[in-house]
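Visitor: Quick one: structure below, then a few questions.
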Amino acid sequence: MRGISSSSSLPACLHGHGSSRVTSCATACLVLVALTILVISIDPRSSTTQPSWFLLSSSSSSSSTSVSVRHAAATSASSLRQTSSWINGGGGGGEHLLVRSSSFGGGARSRGRNSTGKEVLVEGGGGDGTAAAAAAVIGSSSGDGGLLPSVALSPAGELTAAAPAPAPALEWGVDDAASRDDIIQVMPQVQRRRDVKLERLEFGLAKARAAIREAIQNKDNRPPLTDKDYVPVGPVYRNAYAFHRSYLEMEKLFKVYVYEEGEPPVFHDGPCRSIYSTEGRFIYAMEMENRMRTRDPDQAHVFFLPFSVVKMVKMIYEPNSHDMNPLRRTISDYINVVSTKYPHWNRSFGADHFMLSCHDWGPYVTSADANLMSNSIRVLCNANTSEGFEPSRDVSLPEINLRSDAVDRQVGGPSASRRPILAFFAGGDHGPVRPLLLKHWKGKDADLQVSEYLPRGVSYTDMMRRSRFCLCPSGYEVASPRVVEAIYLECVPVVIGDDYALPFADVLNWAAFSVRVPVADIPRLKTILAAVSTPQYIRMQRRVRAVRRHFMVNGPPRRFDVFHMILHSIWLRRLNVRVVAPEEY
Ligand SMILES: *[C@@H]1O[C@H](CO)[C@@H](O)[C@H](O)[C@H]1NC(C)=O
Ligand SMILES: *[C@@H]1O[C@H](CO)[C@@H](O)[C@H](O)[C@H]1NC(C)=O
């Protein structure tokens with residue numbers, strides 16, 4: 001059986017996995033116990049309850065909670081998703097940060113509990129004062145306001161620092177919603193089953209939202225937060241102060257439940273090397289996580305579906321068959337199992353659940369389940385905004401090509417003056433973007449070293465280290481491992497491609513440390529890059545170095561590294577959803 005394959009067939013991640021599952025479990029448990037003791041003894045937060053001032057101030061306003069019951073009969077998931085692809089379509093580099101608005105009724109329609117089809121109890125932020133319109137847009141003050149389409153019930157734009165006051169946000173687009181045929185606003189006359197645990201969780205999230213909103217609004221007149229490890233500052237962040245606040249709130253509160261069903265290698269396992277490594281690394285790290293993981297589903301803010309699409313392709317897919325149905329069946333069976341065994345999936349129609357995949361097919365296989373596709377948080381390398389990736393709900397997962405466990409050897413590079421080449425690319429002529437790049441620049445200009453294959457004896461890494469800019473055109477799909485490779489080697493990445501939602505763009509200001517070139521501007525590539533002055537370049541390169549910690553893969557994970565940034569992205573999106581107990585019926 002596959003489950004007891006020899007240890008050598010399991011690539012070892014850095015976290016003590018890779019030997020037999022029994023040993024790794026024993027290790028996990030030991031570590032868990034040790035750390036629990038540690039945490040209990042040194043972290044006062046773990047034992048305290050919520051400060052009462054907050055309870056007072058917000059419980060008064062929460063009595064006004066309006067519950068939206070949405071009737072989404074007419075909306076197909078795909079139409080919802082198309083409306084939502086505005087975010088990058090609008091240009092401006094696509095880095096508008098926002099976190100999910102409540103535009104998810106799409107999948108809910110298929111799972112309505114009562115005969116009228118009215119359902120859905122998940123709101124973007126809800127109506128209580130603290131939670132209003134939810135969420136955590138860790139933005140700069142560049143008014144992202146007008147960019148939200150009417151389908152977004154929660155005007156996330158109002159949450160940017162440009163927002164004048166929180167009050168208008170309370171309206172959270174009711175008018176917009178009312179004008180849409182498929183959404184009906186109903187006042188909360190329905191009897192709801194009280195779910196005290198859920199209410200407590202949501203209350204905690206509402207507090208965190210309020211703290212983050214406060215940070216967004218007061219970023220300029222606050223001393224930096226203290227932190228023993230790292231204090232985010234500077235232009236690489238959209239709003240460093242608010243990010244830090246949000247990060248600390250996450251550490252204090254956030255709990256992830258990992259479903260235990262399923263056998264490795266398709267579940268609880270994944271690739272630890274290769275271009276898909278972030279998939280396996282995250283799954284491993286999540287399995288080993290103790291601080292932000294809970295074993296009690298009733299304590300969880302989000303639920304992780306720990307399947308690996310890469311492993312599924314390896315184990316289940318018939319090569320060259322072009323038939324993804326076996327993969328989709330595996331996923332829908334899995335969701336059937338967890339939604340039957342636990343109440344949580346049905347409760348939110350999957351909106352507080354997430355899946356993660358770095359495989360190109362990640363997005364397609366999620367279509368196995370309507371709720372998974374249209375409600376859940378999908379953490380994907382293949383973050384193509386023209387194919388339904390919705391930055392306000394989904395998470396862009398960085399693609400990192402790990403060749404060995406010693407990540408450190410892939411890191412570091414010389415200063416600008418020791419980089420004689422303006423820009424460099426070497427890679428296969430595939431996908432929609434690269435043929436254009438190669439056609440225009442291959443062998444055309446000594447400053448732009450663009451080719452398919454490097455001559456024998458020329459090191460790819462050395463070329464990146466000798467270049468000021470590293471070109472990162474999309475390949476078969478939007479994501480390119482070159483982006484993080486460039487960041488590791490202190491080469492300023494040039495992202496070429498129109499549909500790619502960049503990782504952590506809700507927090508990071510990509511324009512400060514990278515260049516984005518639309519496909520249509522490929523002929524002007526040299527002009528664009530040559531226009532960056534040396535002082536400007538030196539600044540950008542310094543910021544590349546500064547932002548690197550957020551892309552580092554550590555075993556075990558460290559604060560602010562790639563694992564925690566992925567979790568933070570999920571945390572932000574969860575903040576924009578409010579789960580309400582189901583109706584009595
Ligand atoms: C969730 O809904 C499905 C389909 O409607 C149902 O089969 C399942 O039993 C429900 N799960 C629970 C825990 O009630
Ligand atoms: C993104 O999706 C669109 C629509 O399917 C497609 O035309 C485009 O080629 C994709 N982009 C990349 C880089 O694969």
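Visitor: Between Thr527 and Arg542, with labels modelled 7 Å along Cα→Cβ, what's the label distance in nm to one decimal, could you check?
Guide: 3.0
Visitor: Here is a follow-up. For the range 407-551, which whole-number percentage of the solvent-accessible area (1.4 Å probe, protein heavy atoms only) is attributable to carbon and sulfur atoms?
Guide: The value for the range 407-551 is 51 percent carbon and sulfur by accessible area.
Visitor: Starting from the Cα-Cα distance between Asn218 and Val411, subtract it from 0.36 nm times their residue separation and give me the gain in nm to one decimal.
Guide: 65.9 nm
Visitor: Estimate the FRET efficiency between Asp447 and Val519 by the formula 1/(1 + (r/R0)^6), using the beta-carbon distance for r and 22 Å for R0, to the nearest 0.05. Let's see the in-between values first.
Guide: Working: r = 21 Å, r/R0 = 0.94.
Efficiency at R0 = 22 Å is approximately 0.60.
Visitor: Taking only the alpha carbons of the range 354-409, what extent do you get along each of the three principal axes, in Å, biggest first?
Guide: Principal axes ranked by extent give 42, 20, 17 Å for the Cα atoms.
Visitor: Can I ask one more? Among the listed pairs Lys197/Lys311; Lys228/Lys255; Lys197/Lys228, which are separated by more than 30 Å between their Cα atoms?
Guide: Values: Lys197/Lys311 35 Å; Lys228/Lys255 22 Å; Lys197/Lys228 33 Å.
Pairs exceeding 30 Å: Lys197/Lys311; Lys197/Lys228.
Visitor: When the distances between all Cα atoms of the range 314-427 are binned every 5 Å from zero, what whole-number percent does each bin get?
Guide: It works out to 2, 10, 15, 16, 15, 13, 9, 8, 5, 4, 2, 1, 0, in whole percents.
Visitor: Less than 14 Å Cβ to Cβ from Pro523, Lys/Arg counted +1 and Asp/Glu -1: what total charge do the surrounding residues give?
Guide: That sum, taken over residues with Cβ under 14 Å, equals +3.
Visitor: Leaving out ligands, DNA and RNA but keeping every protein chain, what accessible area does Ile487 have, in Å² rounded to the nearest 10, with a 1.4 Å probe?
Guide: Accessible area of Ile487: about 0 Å².
Visitor: Now a separate question. What does the highest-first list of 334-347, 241-254, 389-402 look like by mean Cβ count within 10 Å?
Guide: Listed from highest to lowest mean packing, they are 389-402, 241-254, 334-347.
Visitor: What FRET efficiency do you get for Ser321 and Asp296 if R0 is 41 Å and r is their Cβ-Cβ distance, rounded to the nearest 0.05?
Guide: Taking R0 as 41 Å, the efficiency between Ser321 and Asp296 is 0.50.
Visitor: Measuring from label point to label point, each 7 Å out along Cα→Cβ, what is the Arg194 to Tyr460 span in nm?
Guide: Placing both labels 7 Å beyond Cα along the Cβ direction yields 6.0 nm.
Visitor: For the range 407-551, take every pair of Cα atoms, bin their distances at 5 Å starting from 0, and report each bin as a whole percent.
Guide: So the P(r) values, bin by bin, are 2, 10, 22, 25, 22, 14, 5, 0, 0.
The values are calculated or read from the model by the stated rules, or taken from the named source; none is laboratory data. Predicted model only: the values in this text are computed from it and were never measured. With ideal geometry, Cβ positions are generated from the backbone for all residues, glycine too; neighbour counts draw on all protein chains shown. Quick note on the areas: whole protein, heavy atoms, side chains included, nothing else; ligands and nucleic acids left out. Shrake-Rupley method; radii C 1.70, N 1.55, O 1.52, S 1.80 Å.
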